[in-house]
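**Q** I am attaching a structure below and will ask some questions about it afterwards.
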Amino acid sequence: MIGWNLIVQRNEGAALTGGWRKVAVVGGGPAGLFLARLIRMARPAVSVDVYERNAPDEASGFGVVFSARTMSELRRNDPETHARIVAASVAVSDMELRHPRATLRYGGFDFSSISRRALLLILREQAAKAGATLHFGKLVAPGSLDDADVVVYADGANSSHRDVDPERFGTSVRHGSSPYMWLGTHAPFDAATFAFVETEHGHFAGHAYPYADGMTTVVVETDPGTWKASGMDRAGDFSRNPGGSDEEALAQLGEIFAEHLGGHPLIGNRSRWSTFRTVHNERWSEGNAVLLGDAAHTAHFTVGSGTKMAMEDAISLAAALQRNTDPGPAFAEYERERRGPVARTQEWAEPSMRWWETFGRRLHMAPAQFGLHFMTRTSALSYEGLRRRFPDRVDEAEAAYRTSGGAAGAAPAAAAVDLRPNAVTEPLLLGSVRLRNRLVEVLPEDCGDREAAVRAAEARGAALVLARQRPGLSLGLPVPPHPEPAAR
Ligand SMILES: Cc1cc2nc3c(=O)[nH]c(=O)nc-3n(C[C@H](O)[C@H](O)[C@H](O)COP(=O)(O)OP(=O)(O)OC[C@H]3O[C@@H](n4cnc5c(N)ncnc54)[C@H](O)[C@@H]3O)c2cc1C
């Protein structure tokens with residue numbers, strides 16, 4: 001979709017700089033560094049300066065994951081950088097769910113993970129190799145780079161350049177409710193592992209995935225009540241130690257997750273409690289300034305997509321700049337191209353964030369049921385999709401659901417579909433309408449005789465029938481759902 005190979009071919013030996021010759025990038029994270037490389041490779045006559053407030057070895061966080069799809073997109077656009085990232089990554093294919101009463105394993109999810117520090121080192125070297133000028137230890141004040149033809153705000157989710165005037169880009173930021181902390185450990189893990197621990201104060205969850213030999217990332221989450229009750233809200237004062245970690249919390253969490261860490265401590269890297277900020281911007285550019293990566297948008301870390309989006313933004317913006325003489329139309333093309341994929345990722349991330357904010361409410365479930373809930377928390381994997389990949393696990397979950405009494409009073413089997421009692425067969429009160437089950441059928445626009453189509457859907461067991469309406473894909477309710485006045 002993004003024609004990087006094309007750009008390189010068109011520009012060999014050329015110095016077509018159009019109306020922009022000087023690019024200033026605020027922020028030496030994945031977005032800013034990768035963009036700097038791509039622009040320099042496409043237009044060697046353009047000067048690109050990247051300003052990073054930290055020293056080169058001061059990366060925050062631990063490892064990040066990339067899906068196989070992200071890696072192949074990277075290979076297509078920059079084979080050399082891709083090869084270096086692959087060489088520094090570890091492959092992970094299984095997910096392990098450590099429920100307090102059982103451990104479940106789900107295999108076959110191809111992704112790789114890499115140390116954030118190693119990734120940034122590669123991206124720095126690749127940017128410098130392409131001729132970008134990197135300035136470290138340079139905290140850039142808003143407005144100070146305005147004389148460049150293109151100013152890129154790649155200064156992260158808390159972008160101070162963007163936030164000078166929230167109206168400028170139509171910025172909105174929503175804070176998640178769950179405190180989390182990004183940590184590391186030398187404890188060995190051979191799968192992306194999700195450990196759930198019950199304590200006297202409430203529940204804690206840890207996401208752990210290996211990202212290098214002997215190194216594992218651990219992100220710990222809890223709910224605000226547990227956080228306060230456990231005393232972890234009383235973090236120290238970091239004003240005298242801005243690079244420090246919340247050592248008391250580290251020690252306490254080390255004890256809480258001791259069983260999973262096998263005697264290894266948790267390691268901090270500027271690790272403190274935080275809440276996730278979901279960033280949206282109505283506009284991604286204004287004048288000669290353009291937002292990139294986390295400054296433009298964020299998606300909860302449990303869908304592991306922030307770095308991927310940052311790098312895809314860089315690919316798209318570099319290609320759009322290459323295609324246009326003036327930055328304005330290039331910014332518009334970049335935003336048009338990236339809005340859709342970013343919105344889809346944010347749509348996945350939203351329910352995932354809610355799931356993690358409320359995981360404690362589901363720990364009473366049987367492990368297989370809990371697993372089903374976890375695996376299908378976003379639309380990326382449906383109930384049917386999970387069944388295709390892990391039929392035994394889904395059977396187990398349904399059996400647990402039936403024996404837990406969850407399906408008591410469920411509807412009897414319908415005519416044409418297998419509606420053995422399970423979650424879908426539970427009645428549902430939707431406003432004032434009681435549906436006999438939760439099976440919904442959506443009629444296509446060209447369903448012909450709608451009355452007949454509704455009757456056929458009913459015969460298949462649907463309690464609610466929706467029809468697509470023109471224009472676009474909006475859903476309507478042209479037929480009354482089945483009212484069921486008699487309570488079960
Ligand atoms: C707990 C956690 C886990 C995550 N795991 C994953 C994962 O597995 N996979 C994934 O794809 N993503 C993950 N992410 C998201 C990922 O870290 C970010 O989306 C990604 O780093 C965004 O890159 P960026 O370049 O846009 O911003 P950043 O990485 O935030 O870089 C911005 C840079 O700008 C610099 N800066 C800021 N202000 C100034 C200034 N005024 N002057 C100069 N420099 C400045 C900062 O120092 C920083 O280096 C995770 C995030 C969190 C919080």
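**Q** Out of the residues in the range 53-65 meeting the condition of being touching a helix residue (DSSP H, G or I) at 6+ places or on another chain (Cβ under 8 Å) and under 23 Å from Phe301 (Cα atoms), tell me which one is farthest from the ligand (Cβ to nearest atom).
**A** Step by step, filter the range 53-65, then rank; the result is Asp57.
Rundown of residues vs (1) under 13 Å from His99 (Cβ atoms); (2) surrounded by fewer than 21 Cβ atoms within 10 Å (Cβ to Cβ), yes/no style:
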{"residue": "Arg361", "(1), (2)": "no, yes"}
{"residue": "Ala366", "(1), (2)": "yes, yes"}
{"residue": "Leu372", "(1), (2)": "yes, no"}
{"residue": "Asp392", "(1), (2)": "no, yes"}
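**Q** Moving on to the next point. Are any of the residues in the range 315-333 within 22 Å of Pro142 (Cα to Cα), surrounded by fewer than 24 Cβ atoms within 10 Å (Cβ to Cβ), out of contact with any Phe, Trp or Tyr (no Cβ under 6 Å at 6 or more places or on another chain) and assigned by TED's automatic domain parsing to the domain that holds Ala102?
**A** yes
**Q** A further question on this structure: Just give me the residues in the range 186-202 being within 23 Å of the chain's Cα centre (by Cα) and not aliphatic (A, V, I, L, M), in sequence order.
**A** At the first step, the residues of the range 186-202 found to be within 23 Å of the chain's Cα centre (by Cα) are 189-196.
Phe189, Asp190, Thr193, Phe194, Phe196, listed by residue number.
**Q** Let me ask something else. Give me the residue from the range 107-128 that is farther than 19 Å from Gly214 by Cβ and at pLDDT 95 or above and, out of that set, nearest to the chain's Cα centre (by Cα).
**A** Leu120
**Q** Examine the range 68-80 for a residue that is within 16 Å of the ligand (Cβ to nearest atom) and in a strand (DSSP E or B), and state whether such a residue exists.
**A** no
**Q** Looking at the range 341-384 only, could you name the residues that are under 18 Å from Ser67 (Cα atoms), part of a helix (DSSP H, G or I) and not aliphatic (A, V, I, L, M)?
**A** Listed by number, the residues that qualify are Pro341, Arg344, Thr345, Gln346, Glu347, Trp348, Ser352.
**Q** Any residue in the range 193-215 that is touching a Lys or Arg at 6+ places or on another chain (Cβ under 7 Å), under 17 Å from Val65 (Cα atoms) and at pLDDT 95 or above? So that I can check it myself, show each step before the final result.
**A** Of the range 193-215, the ones touching a Lys or Arg at 6+ places or on another chain (Cβ under 7 Å) are 193-196.
Still in the list and also under 17 Å from Val65 (Cα atoms): 193-194.
In the following step, the residues that additionally are at pLDDT 95 or above were identified as 193-194.
There is at least one residue in the range 193-215 that is touching a Lys or Arg at 6+ places or on another chain (Cβ under 7 Å), under 17 Å from Val65 (Cα atoms) and at pLDDT 95 or above.
**Q** Say we look at the range 28-44 and pick out the residues that are touching a Leu at 6+ places or on another chain (Cβ under 8 Å) and assigned to a loop (DSSP other than H, G, I, E, B); which of these is farthest from the ligand (Cβ to nearest atom)?
**A** Looking at the filtered set, the residue picked out is Arg43.
**Q** Within 14 Å of Val218 (Cβ to Cβ), in contact (Cβ under 8 Å) with a residue 24 or more places away in the chain and touching a helix residue (DSSP H, G or I) at 6+ places or on another chain (Cβ under 8 Å), is that true of Ser305?
**A** no
**Q** Given the residues Ser93, Ser178, which is the only one that is polar (S, T, N, Q) and within 14 Å of the ligand (Cβ to nearest atom)?
**A** Ser178
The values are calculated or read from the model by the stated rules, or taken from the named source; none is laboratory data. Being a predicted model, the structure only gives us computed values, none of them experimental. No Cβ is skipped: glycine too gets one built from the backbone with ideal geometry, and neighbour counts run over all protein chains shown.
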